[in-house]
1. Restricting to the range 274-304, and then to whatever is crowded, with 16+ Cβ neighbours inside 10 Å and among the acidic types (Asp, Glu), can you tell me which residue is nearest to the chain's Cα centre (by Cα)?
2. Does LYS46 satisfy the condition of being among the basic types (Lys, Arg), touching a residue at least 12 places away in the same chain (Cβ under 8 Å) and surrounded by 14 or more Cβ atoms within 10 Å (Cβ to Cβ)?
3. If ASP265 passes every condition in (1) touching a residue at least 40 places away in the same chain (Cβ under 8 Å); (2) out of contact with any Asp or Glu (no Cβ under 8 Å at 6 or more places or on another chain) but one, which one does it miss?
4. Residue by residue through the range 196-211, note down the ones that are in a helix (DSSP H, G or I) and more than 16 Å from the chain's Cα centre (by Cα).
5. Looking for something of a type in the set (A, V, I, L, M) and either outside the structural domain of GLU91 (by TED's automatic domain parsing) or under 18 Å from the mean Cα position of the chain (by Cα) (or both) - is there at least one such residue anywhere in the range 130-138?
6. Could you figure out which of (1) under 22 Å from the mean Cα position of the chain (by Cα); (2) surrounded by 15 or more Cβ atoms within 10 Å (Cβ to Cβ) isn't true of PRO99?
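The values are calculated or read from the model by the stated rules, or taken from the named source; none is laboratory data. Keep in mind that this is a model prediction, so the values were computed, not measured. All Cβ positions, glycine included, derive from the backbone under ideal geometry; neighbour counts span all protein chains shown.
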Amino acid sequence: MSRPSDRAGEDPEIPAVAFARGIRGRHAAHFRRTGPDQPDSKARQKVWAPLLEFSWTGIDYRLASDTWIKKTIPLELIDRKETEQFLSKEERDACKETPHWLYFLRAVSDELSPAAAVNSLLLALWIARPTATHSPVRFVQTPSEFSTVRVLDRFQWVPGAVADSITDADLDVVANTLPPLRDVYVSGGRLRNAIVLTFRGCVSVDWQSAFVCFIAAAEAMLTYSDKPGVTERLANAYGRLVAKSASDRKVAAQRFRKVYAVRSDIAHGRSHDRNRSKRNLVDLAECSDLIRSLWRIVLESEHIRRALERDDTGRQSFFLEKH
């Protein structure tokens, strides 16, 4: 959940569903309002976030019209008085030693918040190639305000199931999937729920909750009926979406059934005796790969995204047409 919105027309007591999760951040800020109620909406906003464990040998990479990875250390932000008073020396040193930074240049009025902008990049990177990359802090600056935010929701990973390095080809995938991922999130349709659930799985420190969130995200993308037989229906929908041949569809559907069975054990209280931590993490890695492969297919095709944003009847027609 995100911090309750103060936008006109929204109940401040009811937090909006989002993967920005601003309520858990802790920040030190210096604000200078340009008007009595709000900052200048036309102002440009700079957002910097260090990418720890981002093992890439390149220098700069433009991921979108407003988004870059830069081999630049914004020392003027790290050395500001507000930052020095807020972050520990160890945190500031970690920022200074981080070679690659995520950088956004955007309008203050942009629909995507700074938190959601950073999280969208981390999610797109996870979809393209799971790594240990995470960002523990971000800096936000406009002509009238500055803030340093400590990020408490951090991407988790399964040891042994992440890549040691990132290639230009991986960033090419990120550049292709980041814009549609953001569009899906901002549009607020059926797929937005799947993005939020996927993100919750990525930052969960408990394997059970991560597993359930990932599978719930898959259900949010694949479901088109509330009738009995949900496992077979989801498995067949997954197979039809990710595979091309009939034989491949059978293999993909069986893979989904296997992963979904673990989810059922968790959701129905039968996983209390799963004390084999290694087996649990292997299953979680398999579940992670399944949802990543699903997102790759969805984000790479505008046709598929449009179909999955339809109502249940429209979705059913789409899946049945995929012989």
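1. Once the filter is applied, the top-ranked residue is GLU286.
2. yes
3. Unmet for ASP265, out of (1) touching a residue at least 40 places away in the same chain (Cβ under 8 Å); (2) out of contact with any Asp or Glu (no Cβ under 8 Å at 6 or more places or on another chain): (1).
4. Once the filter is applied, which keeps residues that are in a helix (DSSP H, G or I) and more than 16 Å from the chain's Cα centre (by Cα), the range 196-211 yields TRP207, GLN208.
5. Yes, that holds for at least one residue.
6. Of everything listed in (1) under 22 Å from the mean Cα position of the chain (by Cα); (2) surrounded by 15 or more Cβ atoms within 10 Å (Cβ to Cβ), PRO99 misses just condition (1).
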